[in-house]
Structures are given as C-alpha cells and as structure tokens.
Amino acid sequence: MTSVSFAKQTAFNSVKYLFFVKFVVDKKNRAICAICVTILFYSCSGHIPKPYGYYRINLPEHHYERFEEYGDFVFDLSTNAVVEHVPNAATGRWFNIYYPDFDATIFCSYSPMNPSKLAEFSEDSRKFVYKHAVKADAITGTLFSKPEDKVYGIFYNLEGNVATPIQLTLTDSTSNFFRASLLFNSVPNQDSIAPILNYIKADIKQLMESFRWKR
C-alpha cells in the first residue's frame, strides 16, 4: 500500500470512529432524556393518595347541673344530655343518660346491697368489661377512692373498636352499688369517634368525682 492510500484509509477510519462515537453519545443522551421525561411525566401526573381523614366536629362547652331525682345518690349531669328513665327495673334503679347530638348513651344502674353481695356485684361488672377483651386493644382499670364520701370504684377505659369504650363502677362497700357503661349507637370506630369519646369521657369523670350517696 502506498503512503497516499494508507493516509486515505486512516482518514476514513477516523471519520467512521467519530461517527460511531457521536452515535453512541447521542444514543446515550436520548436514553437519558427519555428517562428524565418519563420521571417528570409521572411526577406531575401521578396521583399521590392523601391520608384518610374525618370531618371536624365542633363540640360544645362542658356545663353541668346537679342530678338528684333519686333518693339514693346525686352527681353532676351534663346539660348536653337528657335522662331517660327505665320503668319496671327488676331491682334498684335503671336509667340512661342520652346525648342527642352524638347518638351516644350512658347506661346506668343502681342496686342496693349488703356487704356479702359486694364481691358478687364487683365480679359481675368485671366479667362484663372483659367480655370485650376479644375486640379491645387494651383494657385499663383505674381505681377511684373518695373516703370522705365513702365512694370507691373503678374507671375502665377500653381501647380499640369496642362497643362500650368506657365503663364505671362505684360503691360504698356496704349498701350501695352503681354502674355505668357508655355505648355509641353506631358501628364502633375509635378513630372517627375519638373527639366525641374524649368529650363524653370528661363528663363521666365529672360524674364520678361529683358522686355522693344520699343515705
């Protein structure tokens, strides 16, 4: 091969190499651009789900009045609730504290007793609470004691989607036994009812702390 032919061949190979490099680079750039456009498209048009929420509930202020329609006890009753009397109760007194705005009811019962019945009454109440253990995430029983008024009890808080999230027992340990249980008249969902539950829980604690025996 002459020097002229060798020079031409070398030049031709150089041009082919440059075209090959340009093709590879362009192809790589096209791939990068395609990836960037795809990411940009999905970033702009993709749907990002929002966390599930509930409607804001405007709760009324807490106000109370003295409830003493029965001759056995008195306590502070929320003015946002109404008392429904249960006629023909088998023993003692039965009544409901109903919240019309929340469609929730506190079922209450009072029974006279003698000291020998205290263990039986307490065990029946405990069994009723722990019937909900299958559904409850946790059950907490807090002791309550007010010796100056001879009022002793347990405040039960049941967490999770349970039918009765709050239960309460009160006694003087000798002749009186009172029980209360909160029920929402809807499918239990603690996330959705949480604000109302906390509101009524405060009312039940007020009932407990203000409770007095009248005999």
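The values are calculated or read from the model by the stated rules, or taken from the named source; none is laboratory data. What you see is a predicted model, and the numbers here were worked out from it, not measured in a lab. All Cβ positions, glycine included, derive from the backbone under ideal geometry; neighbour counts span all protein chains shown.
Yes or no, residue by residue, for (1) at pLDDT 90 or above; (2) outside any helix (DSSP H, G or I); (3) buried (at least 16 other Cβ atoms within 10 Å of the Cβ):
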position	(1), (2), (3)
GLU84	yes, yes, no
ILE97	yes, yes, yes
TYR110	yes, yes, yes
GLU120	yes, no, no
PHE144	yes, yes, yes
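Table: residues versus (1) basic (Lys, Arg); (2) assigned by TED's automatic domain parsing to the domain that holds TYR70; (3) over 18 Å from LEU207 (Cα atoms); (4) in contact with a Ser or Thr (Cβ under 9 Å, 6 or more places away or on another chain).
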site	(1), (2), (3), (4)
ASN114	no, yes, yes, yes
LYS117	yes, yes, yes, yes
SER122	no, yes, yes, yes
SER125	no, yes, yes, yes
ALA133	no, yes, yes, no
VAL151	no, yes, no, yes
TYR156	no, yes, no, yes
THR174	no, yes, yes, no
PHE177	no, yes, no, yes
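Look at TYR70 and say whether it is assigned to a loop (DSSP other than H, G, I, E, B), at pLDDT below 95, among the aromatic types (Phe, Trp, Tyr) and more than 25 Å from ARG212 (Cβ to Cβ). Talk me through it step by step, then tell me what you get.
Values: assigned to a loop (DSSP other than H, G, I, E, B): yes; at pLDDT below 95: yes; among the aromatic types (Phe, Trp, Tyr): yes; more than 25 Å from ARG212 (Cβ to Cβ): no.
For TYR70, the condition - assigned to a loop (DSSP other than H, G, I, E, B), at pLDDT below 95, among the aromatic types (Phe, Trp, Tyr) and more than 25 Å from ARG212 (Cβ to Cβ) - is not met.
Can you tell me which residue among ASN198, ASN161 is without any contact (Cβ under 8 Å) to a residue 40 or more places away in the chain, in contact with a Pro (Cβ under 6 Å, 6 or more places away or on another chain) and under 28 Å from LEU59 (Cα atoms)? Of ASN198, ASN161, the one residue that is without any contact (Cβ under 8 Å) to a residue 40 or more places away in the chain, in contact with a Pro (Cβ under 6 Å, 6 or more places away or on another chain) and under 28 Å from LEU59 (Cα atoms) is ASN161. PHE184 satisfies every condition listed in (1) more than 30 Å from GLY71 (Cβ to Cβ); (2) surrounded by fewer than 20 Cβ atoms within 10 Å (Cβ to Cβ); (3) not charged (D, E, K, R) except (2).
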